Amino acid sequence: MFIDKTIYRSRPSDKRIPKEERCYDLLERLGVQFERIDHDAIATIDGCDELVGLLGIHICKNLFLTNSKRDRYYMLMLPGHKQLVTRELAREIGSTRLSFGSPEKMEEYLDLTPGSVSVLGLMNDHDGNVELLVDSDLAKEEYFGCHPCINTTSLRIRTADLFEKLLPAMGHEPQFVKI
């Protein structure tokens, strides 16, 4: 897999797809500093090992979930090493059985595709269709990593900026859970 080992501290100088450009626009508008690495597409947490050392972060796993009635949708952020037991999470949040949300709903609500799920996709959820669940251990980290809505770039962002700047600007309040 190709990884450009250069760490950039600004948006790319070349033109990117619109949803990625919107991520950089949001970060710049809010004054959120970030570090960026470009790489080949990485669709799963298992492909992120080399990025951990380069960016100096623990990789964050982002999952798009729905309840059994498919009338509530969630984005779950948790440390990459943790394993999710959906039955336990459903009990903790008072939900019916949880499963992965469909790619169609993910694209409709978040303008994301499988393998590119990112908390930054919440900027596209103008109607509040997706609830944000954050593992409490993730909130303790100084930095977290995410994609800018496309899995060919990874960002390192201060966790405090997520909770103090990004989420309020995107209109989403996190619900903390213990995975």
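The values are calculated or read from the model by the stated rules, or taken from the named source; none is laboratory data. Keep in mind it's a predicted model, so treat the numbers as computed, not measured. Here the Cβ positions follow ideal geometry from the backbone for every residue, glycine too, while neighbour counts run over all protein chains shown.
Which of the following residues is farther than 30 Å from residue 97 by Cα, in contact with a helix residue (DSSP H, G or I) (Cβ under 7 Å, 6 or more places away or on another chain) and assigned to a helix (DSSP H, G or I): 26, 51? Show your work before the answer.
Values: 51 fails: in contact with a helix residue (DSSP H, G or I) (Cβ under 7 Å, 6 or more places away or on another chain).
Going through 26, 51 in turn, just one is farther than 30 Å from residue 97 by Cα, in contact with a helix residue (DSSP H, G or I) (Cβ under 7 Å, 6 or more places away or on another chain) and assigned to a helix (DSSP H, G or I): 26.
List the number of the failed condition for residue 155; all other conditions in (1) touching a Gly at 6+ places or on another chain (Cβ under 7 Å); (2) within 15 Å of residue 72 (Cβ to Cβ) hold.
That leaves (2) as the condition not met.
Can you name the condition, by its number, that residue 83 falls short on among (1) assigned to a loop (DSSP other than H, G, I, E, B); (2) modelled with pLDDT under 95; (3) under 16 Å from the mean Cα position of the chain (by Cα)?
Here residue 83 meets the rest and fails (3).
Could you give every pair whose Cβ atoms fall below 7 Å, whose first residue belongs to segment 73-96 and is charged (D, E, K, R), and whose second residue is surrounded by 12 or more Cβ atoms within 10 Å (Cβ to Cβ), counting only separations of at least 6 or pairs across chains?
82/135; 82/179; 92/177
Being among the charged types (D, E, K, R) and not in a strand (DSSP E or B) is the filter; apply it to segment 29-44 and report the residue that is modelled with the highest pLDDT.
Per the criteria, the residue is 29.
Given the options 89, 112, 133, name the one that is under 28 Å from residue 12 (Cβ atoms) and either part of a helix (DSSP H, G or I) or among the aliphatic types (A, V, I, L, M) (or both).
112
Give the residue that is nearest to residue 125 (Cα to Cα), with candidates limited to residues of segment 45-80 that are modelled with pLDDT under 90 and acidic (Asp, Glu).
If we take residues in segment 45-80 being modelled with pLDDT under 90 and acidic (Asp, Glu), then 46 is nearest to residue 125 (Cα to Cα).
To keep it simple, each residue is scored yes or no on (1) over 21 Å from residue 54 (Cβ atoms); (2) hydrophobic (A, V, I, L, M, F, W, C); (3) assigned to a strand (DSSP E or B); (4) in contact with a strand residue (DSSP E or B) (Cβ under 9 Å, 6 or more places away or on another chain).
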position: 121; (1), (2), (3), (4): yes, no, no, yes
position: 156; (1), (2), (3), (4): no, no, yes, yes
position: 163; (1), (2), (3), (4): yes, yes, no, yes
position: 172; (1), (2), (3), (4): yes, no, no, yes
